[in-house]
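Participant: Quick one: this structure, given as structure tokens, is what I'll be asking you about.
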Amino acid sequence: MHDESQLAEILKTLGCDLGRSRSGRLLRVDCRSCPALPELNLLQRVLECQALRELYVPRSGDFPNSAIEQLAGLQKLKVLDLEDSDLDDKSVEQLANHAGLQVLNVRNTNVTEACVARLRKVMIGTRIIQ
């Protein structure tokens, strides 16, 4: 695991709004007030933060499928905002088994209404914003 304190400083410099625990673990990364993460390796580092509870990465043009696979593995993640990304049904359906997700924003993505309907059937208790 990379040093989350160093990662937090990099993200803060880029203009991201962060929430950290007293021990320095990243709990919330909000990129809504800054451009999309400029480097894929920064996003990959964020996805290694196992304590992460909220992730806001709107306007993520080329959000890779591998990143969605990693998001599905973040069991403490409660809020995920992917608004205006290039994600499609196949990508987002990888999140169907994420038991802890409470809010999923897929507004202005390539995710279809049929996919959202399928997700709502299996992700009971998750608010899906379309």
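Participant: With Cα Rg over 2.2 N^0.38 Å in mind, check (i) 1.00; (ii) 1.21; (iii) 1.25 and report the label derived from this structure.
Facilitator: Recomputing Cα Rg over 2.2 N^0.38 Å here picks out (i).
Participant: Only bridges with both residues in the chain count here: give the DSSP antiparallel percent, nearest 5. Could you put the intermediate results ahead of the total?
Facilitator: Numbers: 4 of 17 bridges.
Taking every DSSP beta bridge with both residues in the chain, the antiparallel ones total about 25 percent.
Participant: Any idea what the relative contact order of region 10-113 is, in percent, if you count C-alpha pairs under 8 Å spaced at least 6 apart?
Facilitator: Working: 193 pairs, mean separation 21.8, N = 104.
Taking the mean separation of contacting Cα pairs over the length of region 10-113, I get 21 percent.
Participant: A follow-up question, please. Below 18 Å, Cα to Cα, which aspartates and glutamates can LYS78 reach? Residues fewer than 8 away in the same chain don't count.
Facilitator: Of all the aspartates and glutamates, those that pass the test against LYS78 - Cα under 18 Å, at least 8 places apart if same chain - are ASP17, ASP30, GLU48, GLU54, GLU69, GLU93.
Participant: In the Gaussian network model of the chain, springs joining C-alpha atoms below 10 Å, which of CYS49, CYS115, CYS31 carries the largest mean-square fluctuation?
Facilitator: Looking only at CYS49, CYS115, CYS31, the biggest GNM fluctuation is shown by CYS115.
Participant: Could you order GLU93, GLU9 by accessible surface area, starting with the largest, using a probe radius of 1.4 Å?
Facilitator: Values: GLU93 65, GLU9 90 Å².
If we order GLU93, GLU9 from most to least accessible, we get GLU9, GLU93.
The values are calculated or read from the model by the stated rules, or taken from the named source; none is laboratory data. Every value quoted in this text rests on a predicted model; they were computed, and no experiment measured them. Note: areas computed on protein heavy atoms with side chains; ligands, DNA, RNA excluded. Shrake-Rupley method; radii C 1.70, N 1.55, O 1.52, S 1.80 Å.
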